[in-house]
Amino acid sequence: MSVNTRLGLLIIISSPSGAGKSTLAKRLLADDDNISFSVSATTRPMRPGEVEGKDYYFKSRNEFLAMVDADQMLEHAEVFGNFYGSPLGPVQDAIEGGCDVLFDVDWQGGQQIRASNLRENVVSVFILPPSIAELEARLNARGQDTAQVVAGRMAKSRDEISHWAEYDYVLVNEDLDTCEEQLRAVITAERLRRDRQPGLMARVRALNTEFEDMT
């Protein structure tokens with residue numbers, strides 16, 4: 001990595017289902033070439049149309065658990081009998097190259113990432129809905145889930161929202177475009193933080209040298 005290249009950010013976006021985090025993540029990835037999405041590993045079977053290394057890294061249960069034991073997973077969890085997690089290697093390579101990595105994870109995954117050795121690079125953002133009634137309306141409007149599934153997501157949302165205070169930034173998604181602008185402002189500000197600009201000291205020294213040359 002060049003001395004003038006900043007380390008990449010680990011951008012965590014979390015929210016209850018229906019609050020808009022996946023849509024916001026897609027917009028960021030579409031418009032910012034310096035942000036890549038963290039490809040997860042999973043033990044579930046590959047589905048038709050999925051591509052190894054693009055949709056997921058597909059692992060056997062033994063392979064996945066071996067990676068966990070070797071501290072090669074940044075975060076992981078078991079969901080409905082299958083393991084999911086973020087391999088550490090690709091994330092380290094990206095941030096050392098000055099690229100930002102986006103994580104669309106729940107609060108548990110966010111906790112694990114913030115507790116890792118890469119925590120100094122983490123920027124975490126929680127997305128709140130404007131109201132619980134609006135959250136339920138958005139879930140129903142998607143038309144993807146049965147009433148029973150929507151009810152389950154609504155029940156889970158209360159626990160998810162209770163972790164809002166663990167995040168660096170909290171945005172209320174009343175309007176998607178406005179929330180996107182706020183999210184981009186957060187990322188821009190974090191990229192410009194003094195301690196994220198490794199070439200800044202050399203630049204200031206050069207300015208001081210110019211002052212000295214003028215005397």
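Derivation of every value follows stated rules applied to the coordinates shown; laboratory data play no part. The shown structure was predicted, so the numbers you read here are calculated from the model rather than taken from an experiment. When we count neighbours, we look across all protein chains shown, and the Cβ atoms used for this are built from the backbone with ideal geometry, even at glycine.
Below are the figures for this structure:
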{"item": "Gyration tensor over alpha-carbon atoms, the range 10-214, equivalent ellipsoid semi-axes in Å", "result": "34, 24, 15"}
{"item": "Computed FRET value (nearest 0.05) for Glu210 with Val51, which takes r as the C-beta separation and R₀ as 45 Å", "result": "0.30"}
{"item": "Calculated FRET efficiency for the pair Glu120/Val68, C-beta based, R₀ 30 Å, to 0.05", "result": "0.85"}
{"item": "Efficiency of FRET between Thr146 and Asn82 - r from beta-carbon atoms, R0 30 angstrom, step 0.05", "result": "0.90"}
{"item": "Hull-based mean projected area of the range 61-169, where the convex hull spans the alpha carbons, in square nanometres", "result": "8.6 nm²"}
{"item": "Whole-angstrom gap from the range 59-107 to the range 137-215, using each part's C-alpha centre", "result": "21 Å"}
{"item": "Listed residues Ile12, Ile132, Ile35, most fluctuating in the chain (Gaussian network, C-alpha, under 10 Å)", "result": "Ile132"}
{"item": "16 Å reach of a label modelled at Thr178, 7 Å along Cα-to-Cβ, counting backbone N of the range 90-130", "result": "127-130"}
{"item": "Linear extension gain, Ala155 paired with Leu192, 0.36 nm per residue minus alpha-carbon span", "result": "9.4 nm"}
{"item": "Cα-based Rg and Dmax for the range 109-215, where Dmax is the largest Cα-Cα distance (Å)", "result": "21.4, 77"}
